[in-house]
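Throughout, read-outs are computed from the coordinates displayed, never taken from laboratory work. Quick caveat: nothing in here was measured; it's all calculated off a predicted structure. FYI the Cβ positions are ideal-geometry reconstructions off the backbone, even for glycines, and counts take in every protein chain you see.
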Amino acid sequence: MGPPASEHERALRDLLLPPEDAVSLKAPGGTRAAVLIPLYVGGGGELVAIFTRRQADLRRHSGEISFPGGRQDEGEELWTTALREAEEEIGLPQADVRLLGALPPTGTFVTNYAVYPFVGMIEPGPRLQLNPNEVAEVIELALPDLAGGFERKRLIRRGVPIRTPTYTVRGHLIWGATARIVGELLDRLAPLVNGGGPRA
């Protein structure tokens, strides 16, 4: 067994950016958005992240694996955006998330978003209720498995070949902005992630 959740939380706070610092950073993108990276401690003491697979009929990023999130509402703090969107998309109550820190923002090239990722700890085995209009399924992936699934792949997107960092675990392919966020997460949390491996 690994260390208890409280020890993970203390370590995460030390390794992540304070949310207030992260929101002051700039990233390419005309529209500010936020995502929540929900983490819990698995049965073997490993950290597990919750992702969503977007519905195939959505106009943007259809069928892709991402973290729950969306555009910032006017007058709303970015970390509140992340918590609100997670509740709207996967039924994760905001009160059940212990916000521990953040990552630097990343830009999306096609949709022109500046995405601010926030990291929160939740209890294992959450009972989630998916919004069927947006989310096809929830995918739970251990961070060591993600680290081991890193590969630079050649993908065809909009008819154009690109070579890009990817993470593949049990057939689930993560690429694009989400892969960049995963890479930053794994880099910062390397002391807590067993297995390591190269990262973008």
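Treating only the Cα positions of the range 97-159 as identical point scatterers, give the base-10 log of I(q)/I(0) from the Debye formula at each q in 0.13, 0.14, 0.18 Å⁻¹.
Evaluating at q = 0.13, 0.14, 0.18 Å⁻¹ gives log10 I(q)/I(0) of -0.64, -0.75, -1.26.
Where does the range 5-142 land on Rg(C-alpha)/(2.2 N^0.38 Å)? Spell out each step's value before the answer.
Details: Rg = 14.4 Å, N = 138, 2.2 N^0.38 = 14.3 Å.
Working it through for the range 5-142, the quotient is 1.01.
How high is the FRET efficiency between residue 151 and residue 172 when r is their beta carbon distance and R₀ equals 22 Å, given to the nearest 0.05?
Working: r = 13 Å, r/R0 = 0.59.
Using R0 = 22 Å, I get an efficiency of 0.95.
For the range 63-108, compute Rg over Rh where Rg is the Cα radius of gyration and Rh is the Kirkwood radius from the inverse mean 1/r over Cα pairs. Let's see the in-between values first.
Working: Rg = 11.1 Å, Rh = 11.7 Å.
We get a ratio of 0.95 for the range 63-108.
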